[in-house]
1. Quick one: in the range 10-129, what % of C-alpha pairs are over 16 Å apart?
2. Given that just one value was derived from the coordinates, which of (1) 72, 48, 35; (2) 42, 38, 32; (3) 57, 43, 28 is Cα extents along the principal axes in Å?
3. Take Trp213, Trp115 and order them by how many other Cβ atoms sit within 10 Å, fewest up front.
4. Expressed as a whole number of Å, what is the distance separating the alpha-carbon centroids of the range 161-216 and the range 125-145?
5. Enumerate the calculated ³J(HN,Hα) couplings along the range 90-98 in order (Karplus 6.51 cos²θ - 1.76 cosθ + 1.60, θ = phi - 60°), each rounded to whole Hz, writing x wherever the residue is Gly or Pro.
6. What aspartates and glutamates could a cross-link reach from Lys119, if we take a straight Cα to Cα line under 15 Å and drop same-chain neighbours fewer than 8 places away?
7. Just to confirm the filter: which GluC sites (Glu not before Pro) across the range 109-216 are DSSP coil and have at most 11 other Cβ within 10 angstrom of their Cβ?
8. List every residue whose amide H lies under 5 Å from the amide H of Ser3, counting only residues 5 or more places away in sequence or on a different chain, with H placed 1.01 Å from N in the peptide plane.
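Any read-out appearing in this document is the output of simple, stated calculations on the displayed coordinates, not a laboratory observation. A quick note: this is a predicted structure, and the numbers were derived from the prediction, not measured. When we count neighbours, we look across all protein chains shown, and the Cβ atoms used for this are built from the backbone with ideal geometry, even at glycine.
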Amino acid sequence: MASVKLGLQPIRVGNIFCIGRNYAAHAAELRNPVENEPLVFLKPTSALLDEFSSIRLPEYSSDVHHECELVALIGKGGSDIAPERALSHVAGYGIGLDLTARDIQSEAKRKGHPWTKAKGFRGAACVSTLAPAASVADPQRLTFDLRVNGQLRQHGDAGLMLFSLAEQISYLSRVYGLSDGDLIFTGTPEGVARMESGDELELELHGLMSASWRVA
């Protein structure tokens, strides 16, 4: 059973929704346009990786990138959720990595194919232990960092999201429906880069938690 931890409690994960191009600077660094609605893709639950496991790069890619993100856990699912009620559906917040085989993604985009092979490989959805939502007054005020081998690579400010978490939840509930245990990777800021074997990745969601992974 694929699960994450909310404090000490294991929570079964349903869907893993990811929002692409949700920070303008990240879209610009990859020369992608920004979207007029959330750009959504999915990861399988087999992609989940906890902090006690090493990241194993897929053999078919030579250019796997880190993408550090704020992650939200849905505690109460629903459909057609209004933005003003959306945050009441969140059970917890954490920090994670949306790993991307950039060479595979670029080739898929060139051919007009889906990105699943680039985004959904085993271990491509790294998630920390999550903090209860009640401990976060406003998720749009959260900031986070990623350091690789001690050097700052990414700094995120949720206030710079193009689509707020409430807007993401409302959109996902209208288009797909949300279920208890769904995860939302809310988008990555600029600074994504290739990972190498032996890299040590340290993530911090300021005021809430830290997490780390090593690349095997």
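1. Looking at the range 10-129, the distances longer than 16 Å represent 66 percent of pairs.
2. Structure-derived value, by its label: (2).
3. Lowest count first: Trp115, Trp213.
4. Result: 10 Å between the Cα centres.
5. Working through the residues one at a time gives 8, 9, x, 10, x, 10, x, 10, 9 Hz.
6. Within reach: Glu59, Asp63, Glu67, Glu69, Asp98, Asp103, Glu107.
7. Sparse-neighbourhood loop GluC sites (Glu not before Pro): Glu196.
8. Amide H neighbours of Ser3: Val13.
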